[in-house]
Amino acid sequence: MARFAGRVERAGYGLVLSPMFEDVGVFERVGEGTDVVRKEMYDFEDKGGRHLALRPEGTASVVRAYVQHRPRPPFKAWYVAPNFRYERPQAGRFRQHHQVGVEALGTDDADLDVEVVALAWSVCRDLGLTRVDLLLNSLGDDACRPAYLDLLRSYLAERVDLLCDEHSSRALDNPLRVLDCKRPACREATADAPQMLEHLCEPCRAHFDRVLAGLRALAVPVRLEPRLVRGLDYYTRTTFELAASALDSAQNAVGGGGRYDKLAEALGGPPTTGIGFGMGIERLLLACDAEGVFPVPEGAVEVYIVDTTDGAAAILVTAELREAGIGADRAFDRRSMKAQFKQADRSGARLAVVVGEREAAAATVTLRDMRSGDQEVVPRADLVDHVRKRLS
Ligand SMILES: [Zn+2]
Ligand SMILES: [Zn+2]
(Lines give C-alpha, C1' and ligand atoms only; values in the text may rest on other atoms or scores of the structure.)
(Ligands and ions follow the chains in the order given, each with its own letter.)
Protein backbone atom coordinates (compact mmCIF):
# COMPACT_ATOMS: atom_id res chain seq x y z
CA MET A 1 0.00 0.00 0.00
CA ALA A 2 2.62 2.49 1.08
CA ARG A 3 4.70 1.54 -1.95
CA PHE A 4 1.73 1.91 -4.26
CA ALA A 5 0.91 5.32 -2.77
CA GLY A 6 4.52 6.45 -3.08
CA ARG A 7 4.81 5.34 -6.68
CA VAL A 8 1.59 6.94 -7.94
CA GLU A 9 1.96 10.13 -5.91
CA ARG A 10 5.41 10.66 -7.43
CA ALA A 11 3.59 10.53 -10.78
CA GLY A 12 1.18 13.29 -9.80
CA TYR A 13 -1.87 11.26 -8.72
CA GLY A 14 -3.75 12.55 -5.66
CA LEU A 15 -5.75 10.43 -3.22
CA VAL A 16 -9.51 10.38 -3.76
CA LEU A 17 -11.84 8.87 -1.18
CA SER A 18 -15.13 7.99 -2.78
CA PRO A 19 -18.15 6.60 -0.94
CA MET A 20 -18.67 2.91 -0.43
CA PHE A 21 -22.12 2.96 -2.05
CA GLU A 22 -23.84 4.90 -4.81
CA ASP A 23 -27.24 5.10 -6.35
CA VAL A 24 -27.64 1.79 -8.13
CA GLY A 25 -28.02 3.68 -11.42
CA VAL A 26 -24.40 4.79 -11.39
CA PHE A 27 -23.22 1.21 -11.72
CA GLU A 28 -26.11 0.06 -13.90
CA ARG A 29 -25.47 2.70 -16.53
CA VAL A 30 -21.84 1.73 -16.52
CA GLY A 31 -22.02 -2.01 -16.63
CA GLU A 32 -25.30 -3.08 -18.16
CA GLY A 33 -24.97 -6.51 -19.61
CA THR A 34 -21.92 -7.43 -17.59
CA ASP A 35 -21.78 -10.15 -14.95
CA VAL A 36 -20.42 -7.73 -12.40
CA VAL A 37 -23.66 -5.75 -12.58
CA ARG A 38 -26.23 -8.32 -13.71
CA LYS A 39 -25.49 -11.07 -11.24
CA GLU A 40 -22.97 -9.96 -8.67
CA MET A 41 -23.89 -6.46 -7.54
CA TYR A 42 -24.61 -6.11 -3.83
CA ASP A 43 -27.68 -3.88 -3.96
CA PHE A 44 -30.38 -3.08 -1.43
CA GLU A 45 -33.07 -0.57 -0.45
CA ASP A 46 -32.41 1.84 2.42
CA LYS A 47 -34.99 3.08 4.95
CA GLY A 48 -36.02 5.89 2.61
CA GLY A 49 -36.71 3.45 -0.19
CA ARG A 50 -33.63 4.48 -2.19
CA HIS A 51 -32.10 1.74 -4.27
CA LEU A 52 -28.39 1.66 -3.47
CA ALA A 53 -25.50 -0.59 -4.38
CA LEU A 54 -22.23 -1.27 -2.65
CA ARG A 55 -19.43 -0.39 -5.05
CA PRO A 56 -18.64 -3.39 -7.30
CA GLU A 57 -15.59 -1.73 -8.88
CA GLY A 58 -13.57 1.44 -8.48
CA THR A 59 -13.86 3.47 -11.66
CA ALA A 60 -17.53 4.47 -11.76
CA SER A 61 -17.45 6.29 -8.39
CA VAL A 62 -14.38 8.33 -9.29
CA VAL A 63 -15.83 9.32 -12.65
CA ARG A 64 -19.19 10.14 -11.02
CA ALA A 65 -17.32 12.42 -8.59
CA TYR A 66 -15.48 14.03 -11.50
CA VAL A 67 -18.72 14.69 -13.36
CA GLN A 68 -20.26 16.20 -10.23
CA HIS A 69 -17.35 18.42 -9.16
CA ARG A 70 -15.64 19.12 -12.50
CA PRO A 71 -12.01 19.60 -11.37
CA ARG A 72 -9.68 21.05 -13.95
CA PRO A 73 -8.32 18.39 -16.34
CA PRO A 74 -6.14 16.49 -16.50
CA PHE A 75 -7.47 15.06 -13.27
CA LYS A 76 -5.22 12.31 -11.90
CA ALA A 77 -6.47 10.38 -8.89
CA TRP A 78 -5.62 7.21 -7.00
CA TYR A 79 -7.72 5.25 -4.57
CA VAL A 80 -7.73 2.31 -2.23
CA ALA A 81 -11.18 1.01 -1.45
CA PRO A 82 -13.25 -2.06 -0.67
CA ASN A 83 -15.35 -3.54 -3.47
CA PHE A 84 -18.30 -5.84 -2.95
CA ARG A 85 -20.01 -8.57 -4.85
CA TYR A 86 -22.99 -10.66 -3.88
CA GLU A 87 -22.04 -14.23 -4.58
CA ARG A 88 -20.76 -17.28 -2.85
CA PRO A 89 -17.17 -16.63 -1.84
CA GLN A 90 -14.61 -18.98 -3.40
CA ALA A 91 -10.84 -19.22 -3.71
CA GLY A 92 -9.50 -15.83 -4.74
CA ARG A 93 -12.97 -14.24 -4.74
CA PHE A 94 -14.41 -12.60 -1.66
CA ARG A 95 -17.67 -10.75 -0.94
CA GLN A 96 -15.53 -7.85 0.13
CA HIS A 97 -12.19 -7.42 -1.51
CA HIS A 98 -9.91 -4.44 -1.79
CA GLN A 99 -8.64 -2.59 -4.73
CA VAL A 100 -6.00 0.01 -5.41
CA GLY A 101 -6.14 1.93 -8.63
CA VAL A 102 -5.66 5.15 -10.55
CA GLU A 103 -7.91 7.14 -12.88
CA ALA A 104 -6.79 9.95 -15.17
CA LEU A 105 -9.44 12.06 -16.89
CA GLY A 106 -9.50 14.85 -19.41
CA THR A 107 -6.99 13.94 -22.11
CA ASP A 108 -6.93 11.33 -24.85
CA ASP A 109 -3.17 11.66 -25.38
CA ALA A 110 -1.74 8.17 -25.99
CA ASP A 111 1.24 9.12 -23.81
CA LEU A 112 -1.12 9.03 -20.84
CA ASP A 113 -1.98 5.43 -21.73
CA VAL A 114 1.74 4.69 -21.66
CA GLU A 115 2.06 6.31 -18.23
CA VAL A 116 -0.90 4.43 -16.75
CA VAL A 117 0.04 1.01 -18.17
CA ALA A 118 3.67 1.45 -17.10
CA LEU A 119 2.57 2.43 -13.59
CA ALA A 120 0.50 -0.73 -13.24
CA TRP A 121 3.47 -2.75 -14.43
CA SER A 122 5.85 -1.06 -11.97
CA VAL A 123 3.54 -1.85 -9.07
CA CYS A 124 3.92 -5.58 -9.79
CA ARG A 125 7.66 -5.18 -10.13
CA ASP A 126 7.86 -3.24 -6.85
CA LEU A 127 6.28 -6.24 -5.12
CA GLY A 128 8.95 -8.52 -6.54
CA LEU A 129 6.58 -10.37 -8.88
CA THR A 130 8.40 -11.70 -11.93
CA ARG A 131 5.85 -14.06 -13.44
CA VAL A 132 3.31 -11.50 -14.55
CA ASP A 133 2.33 -10.98 -18.19
CA LEU A 134 1.14 -7.63 -19.41
CA LEU A 135 -1.59 -8.28 -21.99
CA LEU A 136 -2.60 -5.45 -24.26
CA ASN A 137 -5.37 -4.91 -26.78
CA SER A 138 -7.33 -2.13 -28.41
CA LEU A 139 -11.12 -2.17 -28.47
CA GLY A 140 -11.40 0.56 -31.09
CA ASP A 141 -14.01 3.28 -30.82
CA ASP A 142 -17.41 4.31 -32.23
CA ALA A 143 -15.86 4.80 -35.65
CA CYS A 144 -14.47 1.30 -36.08
CA ARG A 145 -15.97 -1.03 -33.49
CA PRO A 146 -19.54 -1.32 -34.88
CA ALA A 147 -18.30 -2.60 -38.24
CA TYR A 148 -15.94 -4.99 -36.49
CA LEU A 149 -18.76 -6.30 -34.26
CA ASP A 150 -20.87 -6.98 -37.38
CA LEU A 151 -17.99 -8.95 -38.80
CA LEU A 152 -17.58 -10.90 -35.57
CA ARG A 153 -21.33 -11.53 -35.35
CA SER A 154 -21.49 -13.02 -38.81
CA TYR A 155 -18.42 -15.14 -38.03
CA LEU A 156 -20.13 -16.42 -34.86
CA ALA A 157 -23.53 -16.87 -36.54
CA GLU A 158 -21.97 -19.58 -38.71
CA ARG A 159 -20.58 -21.35 -35.64
CA VAL A 160 -23.31 -21.00 -33.02
CA ASP A 161 -23.60 -24.77 -32.63
CA LEU A 162 -19.93 -25.04 -31.68
CA LEU A 163 -20.09 -22.55 -28.80
CA CYS A 164 -20.41 -23.40 -25.11
CA ASP A 165 -23.90 -23.69 -23.56
CA GLU A 166 -23.87 -20.19 -22.14
CA HIS A 167 -22.90 -18.57 -25.42
CA SER A 168 -24.70 -20.63 -28.04
CA SER A 169 -27.92 -18.73 -27.18
CA ARG A 170 -26.44 -15.29 -26.36
CA ALA A 171 -23.47 -15.02 -28.70
CA LEU A 172 -24.95 -12.34 -30.91
CA ASP A 173 -26.05 -9.99 -28.10
CA ASN A 174 -22.55 -9.41 -26.89
CA PRO A 175 -20.14 -11.11 -29.27
CA LEU A 176 -17.04 -9.77 -27.51
CA ARG A 177 -17.86 -11.87 -24.47
CA VAL A 178 -17.48 -15.02 -26.57
CA LEU A 179 -13.86 -14.09 -27.31
CA ASP A 180 -13.33 -13.74 -23.57
CA CYS A 181 -14.89 -17.14 -22.77
CA LYS A 182 -12.44 -19.57 -21.21
CA ARG A 183 -14.37 -22.77 -22.11
CA PRO A 184 -12.66 -24.97 -24.69
CA ALA A 185 -15.68 -25.01 -27.03
CA CYS A 186 -15.68 -21.22 -27.43
CA ARG A 187 -11.89 -21.12 -27.57
CA GLU A 188 -11.77 -23.53 -30.47
CA ALA A 189 -14.69 -22.01 -32.33
CA THR A 190 -13.08 -18.55 -32.20
CA ALA A 191 -9.50 -19.56 -32.97
CA ASP A 192 -9.63 -17.81 -36.36
CA ALA A 193 -12.16 -15.12 -35.45
CA PRO A 194 -11.53 -11.64 -36.84
CA GLN A 195 -9.54 -9.48 -34.44
CA MET A 196 -10.23 -5.88 -33.45
CA LEU A 197 -6.56 -5.01 -33.88
CA GLU A 198 -6.83 -5.77 -37.58
CA HIS A 199 -9.89 -3.57 -38.04
CA LEU A 200 -8.93 -0.38 -36.25
CA CYS A 201 -9.69 2.92 -37.98
CA GLU A 202 -6.77 5.21 -38.78
CA PRO A 203 -6.89 7.33 -35.56
CA CYS A 204 -7.27 4.22 -33.35
CA ARG A 205 -4.37 2.56 -35.15
CA ALA A 206 -2.14 5.61 -34.67
CA HIS A 207 -3.13 5.78 -31.00
CA PHE A 208 -2.33 2.11 -30.45
CA ASP A 209 1.01 2.35 -32.27
CA ARG A 210 2.04 5.28 -30.10
CA VAL A 211 1.12 3.37 -26.94
CA LEU A 212 3.17 0.39 -28.09
CA ALA A 213 6.15 2.55 -29.00
CA GLY A 214 6.05 4.33 -25.64
CA LEU A 215 5.93 1.08 -23.68
CA ARG A 216 8.78 -0.36 -25.73
CA ALA A 217 10.85 2.75 -25.09
CA LEU A 218 10.32 2.16 -21.35
CA ALA A 219 11.27 -1.52 -21.78
CA VAL A 220 7.86 -2.65 -20.50
CA PRO A 221 7.31 -6.11 -22.01
CA VAL A 222 3.92 -6.32 -23.71
CA ARG A 223 2.01 -9.26 -25.12
CA LEU A 224 -0.72 -8.47 -27.64
CA GLU A 225 -3.87 -10.34 -26.65
CA PRO A 226 -6.74 -10.04 -29.13
CA ARG A 227 -9.06 -11.95 -26.78
CA LEU A 228 -8.73 -9.33 -24.09
CA VAL A 229 -12.10 -7.57 -24.03
CA ARG A 230 -12.68 -7.14 -20.27
CA GLY A 231 -16.03 -7.28 -18.56
CA LEU A 232 -17.25 -3.69 -18.62
CA ASP A 233 -18.94 -2.00 -21.55
CA TYR A 234 -17.39 1.42 -21.39
CA TYR A 235 -13.86 0.56 -22.46
CA THR A 236 -12.59 2.11 -25.67
CA ARG A 237 -9.23 1.76 -27.39
CA THR A 238 -6.44 0.71 -25.00
CA THR A 239 -7.29 -2.16 -22.70
CA PHE A 240 -4.85 -4.20 -20.63
CA GLU A 241 -4.58 -6.85 -18.00
CA LEU A 242 -1.88 -8.15 -15.67
CA ALA A 243 -1.97 -11.93 -15.53
CA ALA A 244 0.02 -13.78 -12.88
CA SER A 245 1.11 -17.09 -14.36
CA ALA A 246 1.77 -18.45 -10.87
CA LEU A 247 -2.01 -18.45 -10.26
CA ASP A 248 -4.71 -20.73 -11.63
CA SER A 249 -5.58 -19.50 -15.12
CA ALA A 250 -9.27 -18.85 -14.39
CA GLN A 251 -8.41 -16.42 -11.59
CA ASN A 252 -5.04 -15.06 -12.60
CA ALA A 253 -5.84 -11.41 -13.33
CA VAL A 254 -4.17 -9.36 -10.60
CA GLY A 255 -5.13 -6.11 -12.25
CA GLY A 256 -6.29 -4.46 -15.39
CA GLY A 257 -7.75 -1.39 -16.90
CA GLY A 258 -8.06 0.70 -19.97
CA ARG A 259 -9.55 3.69 -21.64
CA TYR A 260 -13.19 4.61 -21.03
CA ASP A 261 -13.76 7.60 -23.27
CA LYS A 262 -17.55 7.30 -23.09
CA LEU A 263 -18.05 6.76 -19.39
CA ALA A 264 -18.36 10.38 -18.21
CA GLU A 265 -21.12 10.96 -20.75
CA ALA A 266 -22.91 7.81 -19.66
CA LEU A 267 -22.94 9.30 -16.15
CA GLY A 268 -24.49 12.54 -17.34
CA GLY A 269 -21.31 14.60 -17.73
CA PRO A 270 -19.74 16.34 -20.71
CA PRO A 271 -17.71 14.16 -23.09
CA THR A 272 -14.52 13.44 -21.14
CA THR A 273 -11.87 10.94 -22.05
CA GLY A 274 -10.22 8.87 -19.35
CA ILE A 275 -8.07 5.88 -18.54
CA GLY A 276 -7.27 3.96 -15.38
CA PHE A 277 -6.54 0.62 -13.79
CA GLY A 278 -7.48 -1.30 -10.69
CA MET A 279 -5.60 -4.06 -8.88
CA GLY A 280 -7.00 -6.51 -6.37
CA ILE A 281 -4.96 -6.47 -3.20
CA GLU A 282 -5.96 -10.01 -2.17
CA ARG A 283 -5.10 -11.37 -5.63
CA LEU A 284 -1.75 -9.58 -5.58
CA LEU A 285 -0.98 -11.17 -2.22
CA LEU A 286 -2.00 -14.60 -3.55
CA ALA A 287 0.37 -14.07 -6.47
CA CYS A 288 3.18 -13.03 -4.11
CA ASP A 289 2.45 -16.15 -2.09
CA ALA A 290 2.50 -18.37 -5.19
CA GLU A 291 5.82 -16.90 -6.35
CA GLY A 292 7.28 -17.08 -2.87
CA VAL A 293 8.00 -13.35 -2.75
CA PHE A 294 6.90 -11.72 0.43
CA PRO A 295 7.28 -8.01 0.29
CA VAL A 296 8.85 -7.11 3.62
CA PRO A 297 7.32 -3.86 4.78
CA GLU A 298 9.81 -1.12 4.17
CA GLY A 299 11.25 -0.17 7.54
CA ALA A 300 9.04 2.56 8.82
CA VAL A 301 10.55 1.84 12.23
CA GLU A 302 14.20 2.85 12.15
CA VAL A 303 14.91 2.85 15.86
CA TYR A 304 13.66 0.54 18.60
CA ILE A 305 13.81 1.60 22.22
CA VAL A 306 14.79 -1.01 24.77
CA ASP A 307 14.07 0.33 28.24
CA THR A 308 14.84 -1.95 31.19
CA THR A 309 14.15 0.71 33.83
CA ASP A 310 10.47 1.39 34.45
CA GLY A 311 9.53 2.40 30.89
CA ALA A 312 9.26 6.11 31.66
CA ALA A 313 12.39 6.86 29.63
CA ALA A 314 10.93 4.97 26.68
CA ILE A 315 7.94 7.34 26.58
CA LEU A 316 10.22 10.37 26.30
CA VAL A 317 12.83 8.91 23.95
CA THR A 318 10.20 7.56 21.54
CA ALA A 319 8.37 10.89 21.45
CA GLU A 320 11.60 12.84 20.96
CA LEU A 321 12.72 10.68 18.02
CA ARG A 322 9.28 10.77 16.36
CA GLU A 323 9.14 14.56 16.71
CA ALA A 324 12.51 14.67 14.96
CA GLY A 325 10.98 12.74 12.04
CA ILE A 326 12.63 9.42 12.89
CA GLY A 327 10.54 6.23 12.87
CA ALA A 328 10.62 4.86 16.42
CA ASP A 329 8.85 2.13 18.36
CA ARG A 330 9.20 0.51 21.76
CA ALA A 331 8.25 -2.51 23.81
CA PHE A 332 5.42 -2.50 26.32
CA ASP A 333 4.62 -4.56 29.43
CA ARG A 334 8.11 -4.12 30.95
CA ARG A 335 9.52 -7.21 29.40
CA SER A 336 13.00 -8.56 29.94
CA MET A 337 15.89 -7.11 27.96
CA LYS A 338 16.11 -10.31 25.95
CA ALA A 339 12.43 -10.19 25.01
CA GLN A 340 12.68 -6.52 24.06
CA PHE A 341 15.67 -7.20 21.81
CA LYS A 342 13.70 -9.94 20.10
CA GLN A 343 10.96 -7.43 19.33
CA ALA A 344 13.56 -4.94 18.16
CA ASP A 345 14.79 -7.58 15.72
CA ARG A 346 11.33 -8.28 14.37
CA SER A 347 10.59 -4.58 13.92
CA GLY A 348 13.30 -4.33 11.27
CA ALA A 349 14.82 -1.33 13.05
CA ARG A 350 18.45 -0.58 12.22
CA LEU A 351 19.25 0.86 15.61
CA ALA A 352 18.31 0.07 19.18
CA VAL A 353 18.45 2.70 21.91
CA VAL A 354 19.08 0.99 25.22
CA VAL A 355 18.14 2.62 28.51
CA GLY A 356 19.19 0.59 31.56
CA GLU A 357 19.84 1.51 35.20
CA ARG A 358 23.43 2.46 34.45
CA GLU A 359 22.50 4.70 31.52
CA ALA A 360 19.67 6.33 33.46
CA ALA A 361 22.00 7.17 36.34
CA ALA A 362 24.66 8.66 34.05
CA ALA A 363 22.22 10.53 31.77
CA THR A 364 23.39 8.49 28.79
CA VAL A 365 21.92 5.93 26.41
CA THR A 366 23.53 3.05 24.55
CA LEU A 367 23.11 2.93 20.76
CA ARG A 368 23.35 -0.51 19.27
CA ASP A 369 23.60 -1.23 15.56
CA MET A 370 21.14 -4.10 15.02
CA ARG A 371 23.14 -5.57 12.13
CA SER A 372 26.74 -5.37 13.30
CA GLY A 373 26.08 -5.39 17.04
CA ASP A 374 28.36 -2.34 17.47
CA GLN A 375 27.60 -0.37 20.60
CA GLU A 376 28.28 3.19 21.65
CA VAL A 377 27.36 5.11 24.78
CA VAL A 378 26.27 8.68 24.05
CA PRO A 379 24.96 11.52 26.22
CA ARG A 380 21.18 11.41 26.49
CA ALA A 381 21.01 15.09 25.46
CA ASP A 382 22.72 14.39 22.11
CA LEU A 383 20.62 11.35 21.27
CA VAL A 384 18.83 12.70 18.19
CA ASP A 385 22.06 13.94 16.59
CA HIS A 386 23.80 10.61 17.10
CA VAL A 387 20.83 8.65 15.79
CA ARG A 388 20.65 10.85 12.70
CA LYS A 389 24.33 10.39 12.02
CA ARG A 390 24.04 6.61 12.27
CA LEU A 391 20.98 6.39 10.06
CA SER A 392 22.34 8.61 7.31
ZN1 LIG B 1 -18.48 -19.60 -24.07
ZN1 LIG C 1 -11.44 3.61 -34.28
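The values are calculated or read from the model by the stated rules, or taken from the named source; none is laboratory data. Small disclaimer: the values here were computed from a predicted structure and weren't measured. Ideal geometry is used to build each Cβ from the backbone, glycine not excepted, and the neighbour counts take in all protein chains shown. For accessibility, only protein heavy atoms count, side chains too; no ligands or nucleic acids. Shrake-Rupley method; radii C 1.70, N 1.55, O 1.52, S 1.80 Å.
Brief remarks follow.
- Those helices (runs of 4 or more DSSP H) lying entirely in the stretch 281-392 with at least 1 residues β-branched (Val, Ile, Thr) and within 30 Å of Ser245 (Cα to Cα): 281-291
- At least 2 residues being of a type in the set (D, E, K, R), more than 14 Å from ligand 2 (Cβ to nearest atom) and under 21 Å from Tyr260 (Cβ atoms) is the threshold, and among the helices (runs of 4 or more DSSP H) wholly inside the stretch 168-217 those reaching it are 175-180.
- When the stretch 340-371 is filtered for residues that are touching an Asp or Glu at 6+ places or on another chain (Cβ under 9 Å) and open to solvent by less than 30 Å² (accessible area, probe 1.4 Å), the ones remaining, listed by number, are Gln340, Ala344, Ala349, Leu351, Ala352, Val353, Val354, Val355, Gly356, Val365, Thr366, Leu367.
Listed here are the residues, each with its yes/no results for (1) modelled with pLDDT under 95; (2) buried (at least 16 other Cβ atoms within 10 Å of the Cβ); (3) touching a helix residue (DSSP H, G or I) at 6+ places or on another chain (Cβ under 8 Å); (4) polar (S, T, N, Q).
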| position | (1), (2), (3), (4) |
| --- | --- |
| Arg125 | yes, no, no, no |
| Asp142 | yes, no, no, no |
| Leu162 | yes, no, yes, no |
| Thr190 | yes, yes, yes, yes |
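- Within the stretch 173-188, residues that are more than 16 Å from Asp161 (Cα to Cα) have Cβ atoms under 9 Å from residues that are of a type in the set (Gly, Ala, Ser) and open to solvent by 10 Å² or more (accessible area, probe 1.4 Å) in these pairs: Asn174/Gly33; Arg177/Gly33; Arg177/Gly231; Asp180/Gly231; Lys182/Ser249; Lys182/Ala250, counting only partners at least 6 apart in sequence or on another chain.
- Filtered residue count, the stretch 71-123, keeping only those that are part of a loop (DSSP other than H, G, I, E, B) and open to solvent by 50 Å² or more (accessible area, probe 1.4 Å): 11
- Long-range neighbours under 7 Å by Cβ, at least six apart or interchain, first residue within 16 Å of ligand 1 (Cβ to nearest atom) within the stretch 134-151, second open to solvent by 70 Å² or more (accessible area, probe 1.4 Å): none
- When His167 is tested against (1) over 24 Å from Gly255 (Cα atoms); (2) under 32 Å from the mean Cα position of the chain (by Cα); (3) away from ligand 1 (no atom under 16 Å from the Cβ), only condition (3) is not met.
- Being closer than 29 Å to Gln96 by Cβ and either crowded, with 21+ Cβ neighbours inside 10 Å or within 16 Å of ligand 2 (Cβ to nearest atom) (or both) is not true of Tyr304.
- Residue check, Pro184 open to solvent by 30 Å² or more (accessible area, probe 1.4 Å), modelled with pLDDT of 90 or more and under 31 Å from the mean Cα position of the chain (by Cα): yes
- Flag if Phe277 is of a type outside the set (Lys, Arg), closer than 28 Å to Gly128 by Cβ and exposed (fewer than 12 other Cβ atoms within 10 Å of the Cβ): no
- Flag for Gly140 being touching a Lys or Arg at 6+ places or on another chain (Cβ under 9 Å), at positive phi and in a loop (DSSP other than H, G, I, E, B): yes
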